[in-house]
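A short write-up of the structure that comes next.
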Amino acid sequence: MHTDGANQAPSPAAPRPLALLTGVGRTAGLGAGIARQLARSGWDIAFTCWTPYDARMAWGVERGATAAIEQALAECGASTATIEADLADPSAPARIFTEAESRLGTITALVMCHCESVDSGLLDTTVESFDRHFAVNARATWLLIREYGMRFRGTHGSGRIVSLSSDHTVGNLPYGASKGALDRITLAATRELAHLGVTANVINPGPVDTGWMNQETRENCVGHTPLGRLGTPQDTAHLVDFLCSPQGQWVNGQLLKSNGGLA
């Protein structure tokens with residue numbers, strides 16, 4: 001017996017997977033750009049921010065930023081959860097995962113955009129600054145990945161870990177050194193979480209002006225980039241979106257330079 005398809009009930013929409021993003025504190029930031037792109041691609045988004053970090057940086061606190069980000073994600077159909085967390089606190093990663101799971105469900109993708117970044121060199125870096133950079137950029141990355149690995153219950157092959165890195169070390173010693181540690185920690189997950197079917201990659205997006213560049217820095221970066229422009233959060237977001245998609249599964253264990261050919 002043939003049944004007219006017009007009389008059939010529509011199939012329920014597939015549930016949206018959940019991505020946990022760290023370091024999404026400002027609307028102009030890389031984290032916010034990535035969150036918006038993933039939301040457009042069908043992900044729900046839990047994201048962390050830490051206002052005291054912005055308060056001590058040159059750009060300052062952006063009032064209403066988290067509400068604006070939440071609204072932009074909701075307009076893409078995403079459910080959201082904002083979690084304020086100091087990633088220098090070793091207890092923060094477990095709390096973040098517990099809160100995200102209790103509010104939105106199981107986490108499929110972990111995208112780490114957080115950082116501590118205060119310029120200093122070999123001769124003027126303080127021990128306090130060095131330790132703070134490693135606590136946020138390296139130790140928290142390890143603890144977040146560990147928490148993800150212990151809790152992941154997704155389909156084999158669906159899990160994703162992506163970290164944002166940098167190779168800028170000269171004049172920015174603790175940042176660059178701790179990001180180097182982040183690279184190794186993230187890429188270790190390629191093998192150590194292989195039994196879960198989780199891929200792990202690192203992206204070096206090059207210099208992206210999210211409010212920290214002066215005119216001299218902008219001109220220098222543009223002059224050394226073959227495409228003759230600065231990178232944007234959307235440039236990085238497109239790559240993260242691909243890596244988190246089913247089509248990106250075969251890219252695994254890579255440190256990818258997505259910087260427009262910056263020399």
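Near residue 116, within a Cβ-to-Cβ distance under 13 Å, what is the net charge of the other residues, with Lys and Arg +1 and Asp and Glu -1?
Details: positive: 56, 132, 139, 179; negative: 54, 86, 89, 119, 128, 131.
Taking every other residue near residue 116 into account, the sum is -2.
Using only Cα atoms, find the angle between the long axis of helix 233-244 and the longest principal axis of the chain, and express it within 0 to 90 degrees, rounded to the nearest 10. That works out to roughly 50 degrees.
Which GluC sites (Glu not before Pro) does the stretch 66-124 hold that lie in a coil by DSSP with at most 13 other beta carbons within 10 Å? Could you put the intermediate results ahead of the total?
On the way: sites: 70, 75, 84, 99, 101, 116; in loops: 75, 116.
Here the sparse-neighbourhood loop sites are 75.
Less than 5 angstrom separates the built amide H of residue 199 from those of 159, 160, 161, all sequence-distant by 5 or more or on a different chain.
Give me the accessible area per residue for the stretch 163-248, probe 1.4 Å, as a whole number in Å².
It amounts to 47 Å² per residue over the stretch 163-248.
Computed from Cα positions, the angle between helix 92-104 and the longest principal axis of the chain comes to roughly 30 degrees.
When ligands, DNA and RNA are left out and all protein chains stay put, how many square angstrom of accessible area per residue does the stretch 45-147 have with a 1.4 Å probe? Don't skip to the answer; put the middle values down first.
Values: 4740 Å² over 103 residues.
Heavy-atom accessible area per residue stands at 46 Å².
Using the beta-carbon distance between residue 242 and residue 194 and R0 = 22 Å, what value does 1/(1 + (r/R0)^6) give for FRET efficiency, to the nearest 0.05? Show your work: numbers first, answer last.
Details: r = 21 Å, r/R0 = 0.94.
Efficiency, from the Cβ-Cβ distance: 0.60.
In the chain, which longest range has no trypsin sites (Lys or Arg not before Pro) that are both DSSP loop (not H, G, I, E or B) and surrounded by at most 16 other Cβ atoms within 10 Å? Longest stretch, sites excluded: 64-152.
What FRET efficiency comes out for the pair residue 124/residue 71, r = Cβ-Cβ distance, R0 = 35 Å, nearest 0.05? Kindly include the intermediate steps, with their values, before the conclusion.
Details: r = 42 Å, r/R0 = 1.19.
After rounding to 0.05, the efficiency reads 0.25.
When Rg/Rh (Cα atoms, Kirkwood Rh) is computed from the coordinates, the matching label among [x] 1.19; [y] 1.00; [z] 1.04 is [y]. Axis angle, to the nearest 10 degrees, between helix 173-192 and the longest C-alpha principal axis of the chain: 30 degrees.
Within the accessible area of the stretch 192-263, the carbon and sulfur atoms contribute 55%, probe 1.4 Å, all protein chains present.
Near residue 211, once Lys and Arg are set to +1 and Asp and Glu to -1 for all other residues with Cβ below 11 Å from its Cβ, the sum equals -2.
Of the accessible area of the stretch 102-187, with the probe set at 1.4 angstrom, what percent is carbon plus sulfur? Carbon plus sulfur share of accessible area: 57 percent.
The values are calculated or read from the model by the stated rules, or taken from the named source; none is laboratory data. Since the structure is predicted, the reported quantities are computational estimates derived from the model, not experimental observations. Ideal geometry is used to build each Cβ from the backbone, glycine not excepted, and the neighbour counts take in all protein chains shown. The accessibility values were calculated without ligands, DNA or RNA, using every heavy atom of the protein model including side chains. Shrake-Rupley method; radii C 1.70, N 1.55, O 1.52, S 1.80 Å.
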